Structures are given as C-alpha cells and as structure tokens.
Amino acid sequence: MQETITKKDLVRRGYPEYTAVKIIRQAKQIMVQQGYPFYNNKRLGRVPKKTVESILGCELGLEENT
C-alpha cells in the first residue's frame, strides 16, 4: 500500500492541477504544525496519504502501479 502521495497522483485521481498543488501545500503545513520541520521545504512534493485524506475527508483508493 502506498503511504505517500504527490501532486501527480492527485491529478491522476481527477483533481485539477491547481487544486492538487493547493492540497499538497496544505498537507505540508499540517505536517510542519505536527512537528515535522523537514516538510518546510518547497522542493518536497510528497506527503503522507493519511494527511491528504484528512484534508479531503475521504479515503483515496489509489492504485500502486499507475
């Protein structure tokens, strides 16, 4: 099971690119607030799947091979 998610994964799921970027940014802010300062890096584009699911309010059933 994939534990992290990127902007490309969200775009493949059907979200517009701008929305996917905003979700990843919001997830990074949440992770920094939770005490993970390495997410305060603009080059980092991979965040925990659980954080994105908490933002969206639903589970993401992403396939591993896509």
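The values are calculated or read from the model by the stated rules, or taken from the named source; none is laboratory data. Here the structure is a predicted model, which means the values were calculated and not measured. We place every Cβ from the backbone using ideal geometry, glycine too, and count neighbours over all the protein chains shown. Accessible surface is based on the protein model in full, side chains and every heavy atom, while ligands, DNA and RNA are left aside. Shrake-Rupley method; radii C 1.70, N 1.55, O 1.52, S 1.80 Å.
Points worth noting:
- Accessible surface calculations at 1.4 Å, restricted to protein heavy atoms, place the chain at 74 Å² per residue.
- Per residue, the chain reaches -14500 deg cm²/dmol at 222 nm when only DSSP H runs of four or more residues are counted, each adding -39500 (n - 2.57).
- Quotient of C-alpha Rg and 2.2 N^0.38 Å, computed over the chain: 1.04
- Summarising the amide proton neighbourhood of T4: residues at separation of 5 or more, or on other chains, whose placed amide H is nearer than 5 Å comprise K49.
- Taking K50, K42 and ordering them by how much accessible surface each has at a 1.4 Å probe, largest first, produces K42, K50.
- The packing ranking of peptides 20-30, 51-61, 4-14, highest mean first, is 20-30, 4-14, 51-61, where packing means the average number of other beta carbon atoms within 10 angstrom of each residue.
- Shown for the chain: the carbon plus sulfur share of the solvent-accessible area, taken with all protein chains present and a 1.4 angstrom probe, equals 47%.
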